[in-house]
1. Scanning segment 77-102 for residues that are touching a residue at least 24 places away in the same chain (Cβ under 8 Å) and over 30 Å from residue 141 (Cβ atoms), which turns out surrounded by the fewest Cβ atoms within 10 Å (Cβ to Cβ)?
2. Does residue 111 satisfy the criteria of being of a type in the set (Asp, Glu), free of Cβ contacts under 8 Å to residues at least 60 places away in the same chain and either open to solvent by 80 Å² or more (accessible area, probe 1.4 Å) or outside any loop (DSSP other than H, G, I, E, B) (or both)?
3. With respect to residue 25, determine if the residue is more than 12 Å from the chain's Cα centre (by Cα) and modelled with pLDDT under 95.
4. Which one of the conditions (1) on the phi > 0 side of the Ramachandran plot; (2) in contact (Cβ under 8 Å) with a residue 24 or more places away in the chain does residue 61 fail to meet, given that it meets all the rest?
5. I'd like to check which strands (runs of 3 or more DSSP E) are fully inside segment 44-100 and have at least 2 residues that are within 14 Å of the chain's Cα centre (by Cα).
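The values are calculated or read from the model by the stated rules, or taken from the named source; none is laboratory data. This one's a predicted model, so the numbers in the text were calculated from it and none came from an experiment. Virtual Cβ from ideal backbone geometry, glycine too; neighbours counted across all protein chains shown. For the accessible areas, the whole protein counts, side chains as well, though only heavy atoms, and no ligand, DNA or RNA atoms are used. Shrake-Rupley method; radii C 1.70, N 1.55, O 1.52, S 1.80 Å.
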Amino acid sequence: MGSAPTVSSAPSAPAPPTSPAPPATASSAPATGCVARRTEVAVAPGDPPRRRLCVRPGTVVSLVLRPRADDKRWTAVRSSAPVFVLVSGWRVDADGTAHASLRAAGTRGGDARVTALAKAPDVAGVARVAFTLDMTVSPYAREG
């Protein structure tokens, strides 16, 4: 007689806990997981200095930059490719929270690097990149 395969009934090790990430901050952004219409990306002190975001054409992203823990203040937001992602609004509140409105291209697809600059207000010199949002505009698939 042959030996039967053994089946273990011991419980497997529990999966490590994961915190659910908002769809707008996924580390890899396949076209099927792209955000459409409107979304918000909030950046707080201690968050990673770089994120990826996949959006559909015409999406508006509200970028909220919480006040920094150091003496630097948010000064500007820039897009490396305004043809794909355009910075269409910018304001800094009295508490130091900065808000930017980012508009994805209406029909075109491509990549843009959105950088948020910060510097200490009483120090001479150029503001430095303090946060980067790598955005991919992914058009809808066409049939036919």
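1. 95
2. Spelling it out, residue 111 is indeed of a type in the set (Asp, Glu), free of Cβ contacts under 8 Å to residues at least 60 places away in the same chain and either open to solvent by 80 Å² or more (accessible area, probe 1.4 Å) or outside any loop (DSSP other than H, G, I, E, B) (or both).
3. It is false that residue 25 is more than 12 Å from the chain's Cα centre (by Cα) and modelled with pLDDT under 95.
4. Evaluating residue 61 over (1) on the phi > 0 side of the Ramachandran plot; (2) in contact (Cβ under 8 Å) with a residue 24 or more places away in the chain leaves (1) as the failure.
5. Output list reads 50-55, 60-65, 73-79.
Every residue, every condition in (1) open to solvent by less than 40 Å² (accessible area, probe 1.4 Å); (2) in contact with a Gly (Cβ under 9 Å, 6 or more places away or on another chain); (3) within 18 Å of residue 33 (Cα to Cα); (4) free of Cβ contacts under 8 Å to residues at least 12 places away in the same chain, yes or no:
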site	(1), (2), (3), (4)
49	no, no, no, no
54	yes, yes, yes, no
75	no, no, no, no
104	yes, yes, yes, no
117	yes, no, no, no
121	no, no, no, no
134	yes, no, yes, no
140	no, no, yes, no
